[in-house]
1. Report the local net charge at E109: Lys and Arg +1, Asp and Glu -1, summed over other residues whose C-beta lies under 10 Å from its C-beta.
2. Roughly what would the spin-label model give for L178 and R198, points 7 Å off Cα along C-beta, in nm?
3. On C-alpha positions alone, give me the angle between the axis of helix 37-47 and the longest principal axis of the chain, in degrees, nearest 10.
4. Trypsin sites (Lys or Arg not before Pro) within the range 58-158: which are DSSP loop residues with at most 10 other Cβ atoms inside 10 Å?
5. Helix 64-73 sits at what angle to the longest principal axis of the chain, using alpha carbons and giving 0 to 90 degrees rounded to 10?
6. Measure nothing but the geometry: give the 0 to 90° angle between the long axis through the Cα atoms of 86-98 and the longest principal axis through the Cα atoms of the chain, rounded to 10°.
7. As a check on your grasp of the helix formula, calculate [θ] at 222 nm for the chain: sum -39500 (n - 2.57) over DSSP H runs of n ≥ 4, divide by the residue count, round to the nearest 500.
8. Based on the Kirkwood radius over alpha-carbon pairs, what is the Stokes-Einstein translational diffusion coefficient of the range 96-162 at 37 °C with 0.692 mPa s viscosity, in µm²/s?
Amino acid sequence: MREQKEILRVKVTKEAIKESYAKISRFYAAVEGALEKGLRKKGLELLAVQEGEAVLEIGFGTGHALVELARCVGKDGKTSGIDITPQMVEITRKRLEKEGLIDRVEVYEEDARNIPFEDNLFDAVYMASSLELFDTPDIPKVLEEVKRVLKPGGRLGVISMSKEGHEDSLFLKFYEWLHKKIPKYASCRPIYVEDSIREAGYKIAEAEEFILTGLVPEKIVVARV
């Protein structure tokens, strides 16, 4: 069982990941909105962000979910986002300007291993396609940082490529092969999402599976501190 639970390490540096995402940022901006629309809708629905809440998105990419979060919390709420790629920050700022939300959302080029916010600040934290980018020893560090910035009873929403129950998936085996061969560009890999969150001391409130494009097993998890 222990062997079955093993996940691959991420052996590229943060700088290499930033460089690869910088190169694909324009392409990612063009396809992310449509490709992940259903997955994003379900994840935000389960997280159930309310008007007036303070919410943080980690790894906001090209900003589609950040726009939705800002709309959910309204003018009386607080929306913040961090991403390590400066090109993603630029694209997201332009999206927020286009949507008329730039004055209501704070975005920063920062690393989730050291979240630049004070303790007990947010009602909810949202992470989509981000947790699986961190190396195995860094996953609990990120989740501990999230716990620090969440208010007591706050909610964490995670969407991540999931290995649980899909150890024999040909797609995941191929993706893991790519991760080994070209880690700079296939920098993420499937992880045991619920196990990682539970082991970090969270209580799982909801968990649902979503098969993206009919191939990619994604796990949507909402947990509380």
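1. On the way: positive: K18; negative: D83, E90, E110, D111.
Value of the local net charge: -3.
2. Once both label points are built, they end up 2.9 nm from each other.
3. It works out to around 70 degrees.
4. Taking the range 58-158 and a limit of 10 other Cβ atoms within 10 Å, the loop trypsin sites (Lys or Arg not before Pro) found are K75.
5. 40
6. Roughly 40 degrees between the two axes.
7. On the way: 7 runs with 87 residues, N = 225.
Computed mean residue ellipticity for the chain: -12000 deg cm²/dmol.
8. Taking Rh from Cα pairs, D becomes 249 µm²/s.
Only the coordinates and a few stated rules stand behind these numbers; no lab work does. Please read all numbers here as calculations on a predicted model, not as lab measurements. We place every Cβ from the backbone using ideal geometry, glycine too, and count neighbours over all the protein chains shown.
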